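**Student:** Here it is, the structure, as structure tokens.
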Amino acid sequence: MKLRRLVACSMAVAMTAGLMGCSSGQSTETTAESTSAEAGSESASESSSASGEGVKLTMMNSKPEIEDALEEAVKDYQQKTGVEIEVYSTDKPGEVIAQKYAAGDPATLIIGDYSNIKDVAAEKLLPLNDEKWVADGGDLLGIKVDDNLYGFPLCIEAAGLIYNKTAIEEITGEEFKPEDYVTLDEFKPLLDKLKEGGMESPVILNSEDWSIGQHFLQYIYKMHTGKAEDALAFLDEVRQGKANFEDDAVFNALYDTMDVLIANNINKADPLASDYDLNASYLAEGEAAFWLNGSWAWPDTKEYVDGSMSYGIMPYPVNGDFTSAGQLNANATKFIAIDNVKATPEQQQAAKDFLNWLVYDEEGQDLIVNKCNLVPAFNNIKMDMTNDFNKSVKKYVDEGKVNAYVPIPSDHRSTLAAYMQKYLAGELDRKELAGYLDDYWKNH
């Protein structure tokens, strides 16, 4: 686990000593009323610096790519509000959450995935039903368990094919429109044209288990109709032995696409030894046209962007008459929860105030949109997206062309992702992989 102490992080909304002493179950209505729902709320520099003095929080960050942005953004927070947050980062949030609770040392603020929050919600987390931000997007996109809301939606992200629009157009001589490549039959001739034009390998595939394994496998579930209830109904049929992945049309259509991507992979000589930073450079500089990844990859990609090219993200092109064809997998993907086991009332109030600051203070909004380069989940945040990936995601979201989120168990990645890596390396065939998926869902 990568540990890193960030400089002090704190709330930038006005806080009073009375608020800081509120019990953990009390609403932040007073704080919410003192902040504006628009960007013109009281700025961090104008808020009280005395009320949070001496309050210390910890935060588990499972989104390492925003760590540098967080570090830069929070340098002066403690000076302004007195609240200090120590942040440590991990790419295995489920394991770290379990370890920390077992050791009696959980983080006050937990940035985790859906399954991470849901698994411990009722037993260990603070209900957030009464927070103001619930009405501005939290109710729709947050995590609920038994009518209680535990997860604050930090951002909307999308998985699919990131593309270099400029590189494609320079070779083909035609405007690239992702809506022209909804099917695999439409997509394959484009790959051929790119290769004929000198782009030897137009596709980039990562080797990381969370990428080639977790995110691609999730696409199978989400694509059934684009509706979560239909995906869950299919998985229930698998669980009961009434259906299987080998005979599933969506599974086979997506693996037809995956086979084409593997055949055109710039890392195909040694696919499990691919370098993530190199992959980002391949896409950014136009050495390849398509990268199977997600909108979260911008911080890595921008290191190689010189401003001369434009980019975007699109759904996987898939053959078949699916209602979800052409829809992007874009959902709230990271959530913030507050500990309800070890955190004191003062710490819980400071943590809740921090969430309000993210939504209602201009500096908090700036942290999400501009510094962390995220698509916000809250409808009161009107800032323009600052990079091509997020602009593309926002377009699909605004047009309603997105597949619903399908919850997965917390051990999905640790159990199944390695099989997908073997498939990538040619060590496992499609039938064998389908069997592993069947076995997994029969036990979940």
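**Student:** Quick test of your reading of the structure: Ala103 fulfils all but one of (1) open to solvent by 30 Å² or more (accessible area, probe 1.4 Å); (2) touching a residue at least 24 places away in the same chain (Cβ under 8 Å); (3) not charged (D, E, K, R). Name the failing condition by number.
**Tutor:** Looking at each condition in turn, Ala103 falls short on (2).
**Student:** All but one of (1) assigned to a loop (DSSP other than H, G, I, E, B); (2) among the small types (Gly, Ala, Ser); (3) at pLDDT 95 or above hold for Gly226; state the number of the condition that does not hold.
**Tutor:** The failed condition is (3).
**Student:** What are the pairs with Cβ atoms under 6 angstrom where one residue, in region 325-337, is closer than 15 Å to Tyr219 by Cα and the other, located anywhere, is among the polar types (S, T, N, Q) and open to solvent by 10 Å² or more (accessible area, probe 1.4 Å)? Sequence gap at least six, or different chains.
**Tutor:** none
**Student:** Let me confirm something: among Glu432, Glu427, which residue is of a type outside the set (Ser, Thr, Tyr), in a loop (DSSP other than H, G, I, E, B) and at negative phi?
**Tutor:** Testing whether each residue is of a type outside the set (Ser, Thr, Tyr), in a loop (DSSP other than H, G, I, E, B) and at negative phi leaves just Glu427.
**Student:** Among the residues of region 382-407 satisfying the criterion of being among the aliphatic types (A, V, I, L, M) and buried (at least 21 other Cβ atoms within 10 Å of the Cβ), which is farthest from Thr301 (Cα to Cα)?
**Tutor:** Val406
**Student:** Name the single residue, out of those in region 203-234 being touching a Ser or Thr at 6+ places or on another chain (Cβ under 6 Å) and more than 30 Å from Asp275 (Cβ to Cβ), that is least open to solvent (accessible area, probe 1.4 Å).
**Tutor:** Looking at the filtered set, the residue picked out is Gly226.
**Student:** Being in contact with a strand residue (DSSP E or B) (Cβ under 8 Å, 6 or more places away or on another chain) and modelled with pLDDT under 90 is the filter here, so list the residues in region 355-374 that pass it.
**Tutor:** Selection gives Cys372 alone.
**Student:** Now, a different point. Pick out the one residue from Lys401, Lys395, Lys422 that is touching a Lys or Arg at 6+ places or on another chain (Cβ under 9 Å) and without any contact (Cβ under 8 Å) to a residue 12 or more places away in the chain.
**Tutor:** Of the residues listed, the single one that is touching a Lys or Arg at 6+ places or on another chain (Cβ under 9 Å) and without any contact (Cβ under 8 Å) to a residue 12 or more places away in the chain is Lys395.
**Student:** Which ones in region 260-279 are open to solvent by 20 Å² or more (accessible area, probe 1.4 Å), free of Cβ contacts under 8 Å to residues at least 60 places away in the same chain and either outside any loop (DSSP other than H, G, I, E, B) or under 16 Å from Leu190 (Cα atoms) (or both)?
**Tutor:** The answer is Ala263, Asp277, Leu278.
**Student:** How about region 311-337: which of its residues are part of a strand (DSSP E or B) and either open to solvent by 10 Å² or more (accessible area, probe 1.4 Å) or out of contact with any Lys or Arg (no Cβ under 8 Å at 6 or more places or on another chain) (or both)?
**Tutor:** Across region 311-337, the qualifying residues are Tyr311, Ile313, Met314, Ala330, Asn331, Ala332, Thr333, Lys334, Phe335, Ile336, Ala337.
**Student:** Can you tell me how many residues within region 54-100 are in contact (Cβ under 8 Å) with a residue 40 or more places away in the chain, outside any strand (DSSP E or B) and under 24 Å from the mean Cα position of the chain (by Cα)?
**Tutor:** Qualifying residue count for the region: 19.
**Student:** With the checklist (1) buried (at least 19 other Cβ atoms within 10 Å of the Cβ); (2) outside any helix (DSSP H, G or I); (3) of a type in the set (Ser, Thr, Tyr) in hand, flag the one item Tyr282 doesn't pass.
**Tutor:** For Tyr282, the exception is condition (2).
**Student:** Further, regarding this structure: Of all residues in region 240-259, count the ones that are open to solvent by 20 Å² or more (accessible area, probe 1.4 Å), touching a Leu at 6+ places or on another chain (Cβ under 7 Å) and either over 17 Å from Leu292 (Cβ atoms) or of a type in the set (Val, Ile, Thr) (or both).
**Tutor:** Here the count works out to 0.
**Student:** Yes or no: region 347-360 includes at least one residue that is open to solvent by 50 Å² or more (accessible area, probe 1.4 Å) and either of a type outside the set (Val, Ile, Thr) or closer than 27 Å to Lys124 by Cα (or both).
**Tutor:** Checked region 347-360: no residue is open to solvent by 50 Å² or more (accessible area, probe 1.4 Å) and either of a type outside the set (Val, Ile, Thr) or closer than 27 Å to Lys124 by Cα (or both).
**Student:** If you don't mind, another one. Count, please, the residues in region 285-296 that happen to be open to solvent by 10 Å² or more (accessible area, probe 1.4 Å) and of a type in the set (A, V, I, L, M, F, W, C). Full working, then the answer.
**Tutor:** Step one: filter region 285-296 for residues open to solvent by 10 Å² or more (accessible area, probe 1.4 Å), giving 285-287, 296.
Restricting the remaining residues to those that are of a type in the set (A, V, I, L, M, F, W, C) gives 296.
Summing the residues that are open to solvent by 10 Å² or more (accessible area, probe 1.4 Å) and of a type in the set (A, V, I, L, M, F, W, C) in region 285-296 gives 1.
**Student:** Within region 106-137, restricting attention to residues that are under 23 Å from Ile408 (Cβ atoms) and among the basic types (Lys, Arg), which residue is most open to solvent (accessible area, probe 1.4 Å)?
**Tutor:** The residue in question is Lys118.
**Student:** Which of the residues spanning region 307-317 are under 15 Å from Phe290 (Cα atoms) and of a type outside the set (S, T, N, Q)?
**Tutor:** Taking region 307-317 and keeping what is under 15 Å from Phe290 (Cα atoms), we get 309-317.
Met309, Tyr311, Gly312, Ile313, Met314, Pro315, Tyr316, Pro317, listed by residue number.
The values are calculated or read from the model by the stated rules, or taken from the named source; none is laboratory data. If you're wondering where the values come from, they're calculated on a predicted model, not measured in any experiment. Here the Cβ is made from the backbone with ideal geometry for all residues, glycine too, and neighbour counts use every protein chain on show. With ligands, DNA and RNA removed, areas are computed over all heavy atoms of the protein, side chains included. Shrake-Rupley method; radii C 1.70, N 1.55, O 1.52, S 1.80 Å.
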